Amino acid sequence: SKIIVSANEIGKNAFDSCFNLSDVKFQHVKAIHSEAFANCRSLLNIDLPHEICEIHTDAFRNCRGLKVMTFLSHGYYFDETLKISDNAFSGCDEITFITDCPYRIEWPNQLGAELFTIIDINASTSD
């Protein structure tokens, strides 16, 4: 199933163990708290809003199916850095992170950038 979440913050354990949840699109969300989407094993895709500032510890723990996380600015200017806490994605095997603003991301010390294949859609490519 797919949902659109429009709230300032997603609380701790808000969608924990929603086993049939496959796609989440966030609107106006600034923070995703601990274990908000933990154990959502069918979760495949996440669209983060330009307003997002924090993804807390274990927010997406054991979302083993999570493959694509999209974070696009849509032309907005950012005042804050997106802080991804340690172990925010523990138990996730491999995620493609699609962004147009990689400078705005603060990776955690553990389970950080090495987990992600980062695609900067603004990066120029040459053949």
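Couple of notes before you dig in:
- Every residue from the range 2-33 that is on the phi > 0 side of the Ramachandran plot and in contact with a Ser or Thr (Cβ under 6 Å, 6 or more places away or on another chain): His28
- Failed item, numbered, when Ala59 is tested on (1) on the phi > 0 side of the Ramachandran plot; (2) touching a residue at least 24 places away in the same chain (Cβ under 8 Å): (1)
- Selection within the range 31-76 - open to solvent by 60 Å² or more (accessible area, probe 1.4 Å), over 20 Å from Ile98 (Cβ atoms) and within 12 Å of the chain's Cα centre (by Cα): none
- Taken as a whole, the structure places Ala14 among residues that are at pLDDT 95 or above, open to solvent by 50 Å² or more (accessible area, probe 1.4 Å) and farther than 20 Å from Lys67 by Cβ.
- Output for the range 100-127, where each listed residue is at pLDDT 70 or above, out of contact with any Ser or Thr (no Cβ under 7 Å at 6 or more places or on another chain) and polar (S, T, N, Q): Asn122
- Candidates Phe89, Phe97, Phe26, Phe19, filtered to the one that is modelled with pLDDT of 80 or more and over 11 Å from the mean Cα position of the chain (by Cα): Phe19
The values are calculated or read from the model by the stated rules, or taken from the named source; none is laboratory data. Quick caveat: nothing in here was measured; it's all calculated off a predicted structure. Neighbour counts are summed over all protein chains in view; Cβ atoms, including those assigned to glycine, are modelled from backbone coordinates with ideal geometry. Just so you know, the surface numbers come from the protein's heavy atoms only, side chains and all, with ligands and any DNA or RNA stripped out. Shrake-Rupley method; radii C 1.70, N 1.55, O 1.52, S 1.80 Å.
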